[in-house]
């Protein structure tokens, strides 16, 4: 039997809701599922406003645009994250200033972030990597101290909590992704969340071609078409109805892995501090970069798909114009591995995967 690293669970009302869209011909960006999904998701996270978009990357681009970020503004961002956390800012003319990560939580280091703040710094881009919340007390304090925008990238952390409060509710604005491998999915999709009424109005204005409300086909700004379709929203709403089940399943799968593999050298990405870790991916550190490569080869031979943790962005060709070294981030990036972690995995499935790992390590 083969095991993909991830696959969505589509066993709820997805077909029913999509068929309603088809039966009623409401398939574009109009339709009640868009509004229903936005309201339900805002309520789930605990914020006032949510605006749906077509994917998670444009959610970040839209959020940055709505905040007015642009030419030569400095944005502090972790290097150890997916490249979409940085690209939209560069596309707007901003300068990305990378910082290191923390070895225990794998999240952006607030102490290194503070060292990087200059008079040109306009925002902190905080990523809740692999479902583990960042240290939001520290980042909220930094944003207030230096009068910075606080942006949360919650693409991998739907439902995660910091001190009993869901991520996405701490900053000025938050971004989510509903790609096929996320905790809930629309196939492609995203959401921008905030509590400020004026900022929410800017988000909605910019995502819909900048059309004004008082004249047909009249546009007062150069804007975007980032709208989510009613079909995407229908799938998203059906997924959101099952989010508690998905989170419970993924946390159980993580527990099974950690129990089964406690005698191996793998060091798992466990919760650190007062957090609710949703384990978007079941992630662990191998002994070395070479050990990770050979372990992945052994698992692939057994029909088990894995992925490496994200490469550090500062080492990629588009960003490595000057030498930078982030020792913790580079270590996590070089040794990390993501194991199969989709909700349908059973205890027996996990045991089968772990059997290959234990045999590899001679345990």
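For the range 127-229, what D do you get in µm² per second when you plug the Kirkwood radius from alpha-carbon pairs into Stokes-Einstein at 37 °C and 0.692 mPa s?
Numbers: Rh = 15.2 Å.
For the chosen part, D equals 216 µm²/s.
Which values, in whole Å and largest first, are the semi-axes of the equivalent ellipsoid of the chain obtained as the square root of 5 times each eigenvalue of the Cα gyration tensor? Each step should come with its number before you reach the end.
Values: eigenvalues 225, 146, 56 Å².
Sorted largest first and rounded, they come to 34, 27, 17 Å.
Quick check on the exposure proxy: order 54, 354 from fewest to most C-beta atoms within 10 angstrom.
Fewest-to-most ranking of 54, 354: 354, 54.
Could you state the number of Å between the C-alpha centres of the range 291-363 and the range 4-34?
Here the answer is 32 Å between Cα centres.
Under Stokes-Einstein, with the Kirkwood radius over Cα pairs standing in for Rh, what whole-number D in µm²/s applies to the range 11-158 at 37 °C and 0.692 mPa s?
D, rounded to a whole number, is 194 µm²/s.
Answer rounded, prolate or oblate for the range 242-322, using the Cα gyration tensor with square roots of eigenvalues a ≥ b ≥ c: rounded when a/c is under 1.5, else prolate when a/b is larger than b/c, else oblate. Please report the intermediate quantities before stating the final value.
On the way: a/c = 1.86, a/b = 1.28, b/c = 1.45.
Taking the square roots of the gyration eigenvalues as a ≥ b ≥ c, the range 242-322 is oblate.
When the chain is treated as a GNM, springs tying every alpha-carbon pair under 10 Å, which of 211, 221, 192 comes out with the largest mean-square fluctuation?
Top of the fluctuation ranking is 221.
Quick one: which of 330-337, 302-309 comes out on top by average Cβ neighbours within 10 Å, and what's the full order, highest first? All intermediate terms of the calculation are to be shown ahead of the outcome.
Numbers: 330-337: 20.6, 302-309: 17.8.
The densest-packed peptide leads the list: 330-337, 302-309.
Rounded, prolate or oblate: which fits the range 305-363, taking a ≥ b ≥ c as square roots of the Cα gyration tensor eigenvalues, rounded meaning a/c under 1.5, else prolate when a/b beats b/c?
Prolate is the answer for the range 305-363, as a/c is 1.5 or above and a/b outweighs b/c.
Take 359, 20, 216, 74 and order them by how many other Cβ atoms sit within 10 Å, fewest up front. Numbers along the way, then the final one.
On the way: 359 11, 20 17, 216 7, 74 20.
In order of increasing Cβ crowding within 10 Å: 216, 359, 20, 74.
Quick one: compute the contact order of the chain, relative version, from alpha carbon pairs under 8 angstrom and 6+ residues apart, as a percent. Walk me through the numbers before you get to the answer.
Values: 789 pairs, mean separation 85.0, N = 363.
Rounded, it is 23 percent for the chain.
Specify the inter-centroid distance of the range 126-175 and the range 61-93, based on alpha-carbon positions, in whole Å.
The distance from the Cα centre of the range 126-175 to that of the range 61-93 comes to 16 Å.
Taking the number of other C-beta atoms within 10 Å as the exposure measure, put 1, 191 in order starting with the fewest. Mind showing how you got there, number by number?
Numbers: 1 8, 191 27.
Lowest count first: 1, 191.
None of the figures in this text is laboratory data; all of them are computed from the coordinates on show. The structure presented is a predicted model; accordingly, all values stated were derived computationally and were not measured. FYI the Cβ positions are ideal-geometry reconstructions off the backbone, even for glycines, and counts take in every protein chain you see.
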